[in-house]
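First comes the structure, then the notes that go with it.
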Amino acid sequence: MVRSLWTGASGMIGQQANIDTISNNLANVNTHGYRRMRADFEDLIYHTIRTAGTPATEETVVPVGTQMGHGVKLADTQRIFSQGALQTTEVPTDMAIAGEGFFRVQLQDGTYAYTRNGNFEVDRDGRMVTSQGYWLLPDIVFPEHFLPESINVTKDGRVEVKVPEINGDEPIPVGQIELYRFPNPVGLTALGENLFKITNASGDPIPGRPNEMGFGMIVHRTLEMSNVAIVREMVDLIVAQRAYEFNSRTIQTTDNMLGTATSLKR
């Protein structure tokens, strides 16, 4: 069968994966801490008809080889860990990271996950948790009778609160926020719920305090938005759609050529 049929089909499959990636980015345009994904592609194995450098005569070689490609395949879907826009919320338990780093949370099975989403809450035991109820680590536990509106988080991650029954109008420290970074953050695997987990590719987490040693600072009463740019995604969507159409056209053209060949004998 004509090679171009399968080559065009591989191109359509690849562009479908590209559109799937773009649609997920657009769906998460308002997801706090979301990191946009990019579909990367690589060409398939080549059929080498003649190798460059093959002797042509006793004194010359073939300067250019002859190879026929077999299309394209999806190589990976890479996350782009660029900074998202910061949005002021005035919610006392909201935090954003301006710069490098992740928050660490503990899942129900006791393992750790990492997130850029600083949309935290205070549970019934006074512990700071995510909206899914996962503990923020290191533990931030507020004392009884604290004033929720008095929660203050400094740029370097110190958490303070006012408890009138204990210390009057003076804030008392209740914990220290720590951040974590990775040698290869694109090697993290996404779990959903704005969470990432380490893999052999990401490397071990490197802990540190905010606003020190290259870590980002904490911006209180603020959330980091998705880093998806709608205009860029729409342009990518148009390019992917046209590429899909071009590949389908090669299949149609090949089909017409086969039809011409079969109609030679009447």
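The values are calculated or read from the model by the stated rules, or taken from the named source; none is laboratory data. What you are looking at is a predicted structure, and each value in this text was computed from that prediction instead of being measured. Here the Cβ is made from the backbone with ideal geometry for all residues, glycine too, and neighbour counts use every protein chain on show. Ligands, DNA and RNA are excluded from the accessible area calculation, which covers all protein heavy atoms including side chains. Shrake-Rupley method; radii C 1.70, N 1.55, O 1.52, S 1.80 Å.
What whole-number value in cubic angstrom gives the convex hull volume per residue for the C-alpha atoms of segment 1-144?
Values: hull volume 29.6 nm³, N = 144.
Here the figure is 206 Å³ per residue.
Tell me the Rg and the Dmax, in Å, that the Cα atoms of segment 67-212 produce.
Every Cα atom of segment 67-212 included, Rg and Dmax give 18.6, 81 Å.
Go through segment 1-63 and name the GluC sites (Glu not before Pro) that are in a DSSP coil and have 10 or fewer other Cβ atoms within 10 Å of their Cβ. Write out the running numbers ahead of the final one.
Numbers: sites: E42, E58, E59; in loops: E58, E59.
Within segment 1-63, the qualifying GluC sites (Glu not before Pro) (loop, at most 10 other Cβ atoms within 10 Å) are E58, E59.
As a test of understanding, state the convex hull volume per residue of the chain from its alpha carbons, in Å³.
Details: hull volume 49.8 nm³, N = 266.
Considering the Cα atoms of the chain, their hull volume per residue is 187 Å³.
How do F120, F41, F146 stack up against each other in accessible area, from largest to smallest, with a 1.4 angstrom probe? Don't jump to the answer; show the numbers that get you there.
Working: F120 0, F41 70, F146 40 Å².
Order by accessible area, largest first: F41, F146, F120.
Under 20 °C and 1.002 mPa s, how fast does segment 48-106 diffuse according to Stokes-Einstein, given a Kirkwood radius computed over C-alpha pairs? Answer in µm²/s, whole number.
Working: Rh = 18.2 Å.
My calculation gives 118 µm²/s for D.
Once phi is turned into θ = phi - 60°, what whole-Hz ³J(HN,Hα) does the Karplus curve with 6.51, -1.76 and 1.60 give for every residue of segment 170-176, x standing for Gly and Pro?
Computed from phi, the couplings for segment 170-176 are 8, x, 10, x, 10, x, 10 Hz.
Considering only protein heavy atoms and a 1.4 Å probe, what is the carbon-and-sulfur percentage of the accessible area of the chain?
On the way: 8220 of 15130 Å².
Carbon with sulfur: 54 percent of the solvent-accessible area.
Please report the Cα spread of segment 126-266 along all three principal axes, rounded to whole Å, starting with the longest.
On the principal axes, segment 126-266 reaches 100, 31, 26 Å in Cα extent.
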